[in-house]
Amino acid sequence: MRYPNALRLYVAACLVSFAQAPAFAQDTVKIAYVDPLSGGGASIGEVGVKTFNFMVDEINAKGGVLGKKLEIVAYDNKLNPQESLVQIQKAIDSGIRIVTQGNGSAVAAAISDFAAKFNERNPGKEFLFLNYAAVDPVLTNEKCNYWHFRWDANSDIKMETLTNYMKTRPGIKKLYLINQDYSFGHAVRSAAKTMLAAKRPDIQIVGDEMHPLLKITDFAPYIAKIKASGADSVITGNWGQDFALMLKAAADAGLQVDWYTYYASGTGGPTAVKQSGVNHRVFEISEGSANIPHQASQDFERAFRAKYDIGLLYPRVVNQMRMLAKAINEAKSLEAPKIAAKLEGMKFDVHAGGEGFMRKDDHQFFQPMYIRSFGERSDEEPFDEEKTGWGWRTITRLDAANTMPPTTCKMDRPS
């Protein structure tokens, strides 16, 4: 990872500061949650805090880890890589050795690179980086490292699944791409072009738009371009307010197209979809869904909604936290190298049913994946979203074994 000179100097200063930090004995095992809690990403960050705290309560109710309770300590990174390192410095200075983050991939790349350098220079003071949502494929390919573990399917895994479904839909003739202008958005764009060219070369790409991340307040000009292009379908990796505001603008303009998405379920997304009136025309690739007929996950969903009055946005956080607790207890240690060794290759029954596993080669978690659509519910679909009356319907499911691309990771392991 290459940074501007100022950021490189800052990282070096952090490394010196961390190396001098004392080790703290703790009555609780603290986990640093480093994500946006202000600005355009705040709504997503707050949902993350609630989800991690819910999981901490679940684990603590079962005895915690090694007789200690878990605790989430939230840090606002303002969706900025340098600010993220500032917050991680505070966390590690306070004795925290487990960090989790998800939004977005540029931040994750900076944290992962820092973890590799810091842990190499400070044996005995290592920290783990647990990634629950940053999906740029490079993080488990050329930029992989031993201290980074990812529980969300990477962008290429998601696009592979999404385009496999799209190739079966002959009604797709003209496609528009619109994505956020940063590493993840570029990964979505590139994968969509490459995979559709191989699977459906007849589809005409009539637009390819990149826009600033979480800075657009009115998507009307972008929606006007989509409408003018004659597109019948859109692919977007947009998340947070960038998806909700885009669909709101589509509703205002009366745009009726099919949407193929990664994060339509994010805060505000379901409400915007309902307002747009595109009944079961918004598709999302996901690792779970409230309306999957699976008793344990539906019971969890009811409890989660009873506490927070929102649906579970991150089933992967459930998997991550349960696996972390298992790894700590099996390792009988809170030392990062010993926890990492247990996480590598771990098989696990995932939240919504079925088996997942953490691939040792690149620390990418594989799990069953679902394509689902949002719209009017049947009698077999008990959960709506954001009090819209509409809910998610499963279209297709793929087992973990069918979601595994090769990796180019050349991982350096600690000696």
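The values are calculated or read from the model by the stated rules, or taken from the named source; none is laboratory data. Quantities reported herein were computed from a predicted structural model and do not represent experimental measurements. When we count neighbours, we look across all protein chains shown, and the Cβ atoms used for this are built from the backbone with ideal geometry, even at glycine. The protein model used for the area step is the full one, side chains on, heavy atoms only, and it has no ligands, DNA or RNA in it. Shrake-Rupley method; radii C 1.70, N 1.55, O 1.52, S 1.80 Å.
Within the stretch 245-267, work out how many residues are under 15 Å from Gly45 (Cβ atoms) and open to solvent by 20 Å² or more (accessible area, probe 1.4 Å). Let's see the steps before the verdict.
Going through the stretch 245-267, the residues under 15 Å from Gly45 (Cβ atoms) turn out to be 263, 266-267.
Now narrow it down to the ones that are open to solvent by 20 Å² or more (accessible area, probe 1.4 Å): 263, 267.
Residues flagged as under 15 Å from Gly45 (Cβ atoms) and open to solvent by 20 Å² or more (accessible area, probe 1.4 Å) within the stretch 245-267 amount to 2.
Take residues that are free of Cβ contacts under 8 Å to residues at least 12 places away in the same chain and tell me which of the helices (runs of 4 or more DSSP H) falling wholly in the stretch 266-331 contain 1 or more.
Values: elements: 269-276, 295-308, 315-331.
Helices (runs of 4 or more DSSP H) meeting the threshold: 295-308, 315-331.
On the given criteria, is Ile203 without any contact (Cβ under 8 Å) to a residue 60 or more places away in the chain, farther than 18 Å from Lys248 by Cβ and open to solvent by less than 30 Å² (accessible area, probe 1.4 Å)? Give the steps one after another, and end with the answer.
Values: without any contact (Cβ under 8 Å) to a residue 60 or more places away in the chain: yes; farther than 18 Å from Lys248 by Cβ: yes; open to solvent by less than 30 Å² (accessible area, probe 1.4 Å): yes.
Criteria met by Ile203.
Which one of these is in contact (Cβ under 8 Å) with a residue 60 or more places away in the chain, within 19 Å of the chain's Cα centre (by Cα) and open to solvent by 20 Å² or more (accessible area, probe 1.4 Å): Asp76, Asp152, Asp156, Asp93?
Numbers: Asp76 fails: in contact (Cβ under 8 Å) with a residue 60 or more places away in the chain; Asp152 fails: open to solvent by 20 Å² or more (accessible area, probe 1.4 Å); Asp93 fails: within 19 Å of the chain's Cα centre (by Cα).
Unique residue meeting the criteria: Asp156.
How many residues are free of Cβ contacts under 8 Å to residues at least 60 places away in the same chain and assigned to a helix (DSSP H, G or I) if we restrict to the stretch 29-45?
Keep residues of the stretch 29-45 that are free of Cβ contacts under 8 Å to residues at least 60 places away in the same chain, which gives 37-38, 42, 45.
This time we only want the ones that are assigned to a helix (DSSP H, G or I), so: 42, 45.
The number of residues fulfilling the criteria is 2.
Just give me the residues in the stretch 34-54 being at pLDDT 95 or above, buried (at least 22 other Cβ atoms within 10 Å of the Cβ) and among the aliphatic types (A, V, I, L, M), in sequence order.
Listed by number, the list holds a single entry, Val34.
Here are the criteria: (1) within 30 Å of Glu120 (Cβ to Cβ); (2) crowded, with 17+ Cβ neighbours inside 10 Å. Tell me which single one Thr408 does not satisfy.
(2)
I need the full set of residues from the stretch 387-404 which are within 24 Å of Ser43 (Cα to Cα) and more than 20 Å from the chain's Cα centre (by Cα), in order please.
Applying the first criterion (within 24 Å of Ser43 (Cα to Cα)) to the stretch 387-404 yields 387-392.
Within the stretch 387-404, Lys387, Thr388, Gly389, Trp390, Gly391 qualify.
Of everything in the stretch 159-182, what is surrounded by 15 or more Cβ atoms within 10 Å (Cβ to Cβ) and either of a type in the set (Phe, Trp, Tyr) or farther than 25 Å from Ala250 by Cα (or both)? Give them in sequence order.
Glu160, Thr161, Asn164, Tyr165, Tyr176, Tyr182 - these are the residues of the stretch 159-182 that are surrounded by 15 or more Cβ atoms within 10 Å (Cβ to Cβ) and either of a type in the set (Phe, Trp, Tyr) or farther than 25 Å from Ala250 by Cα (or both).
Considering only the stretch 211-234, how many residues are under 10 Å from Val257 (Cβ atoms) and of a type in the set (D, E, K, R)?
Qualifying residue count for the region: 2.
Among the residues of the stretch 382-415, what is the count of those that are among the aliphatic types (A, V, I, L, M) and within 19 Å of Val278 (Cβ to Cβ)?
Quick first cut of the stretch 382-415, residues among the aliphatic types (A, V, I, L, M) only: 395, 398, 400-401, 404, 411.
Pick out the ones that are also within 19 Å of Val278 (Cβ to Cβ) and you get 395.
Number of matching residues: 1.
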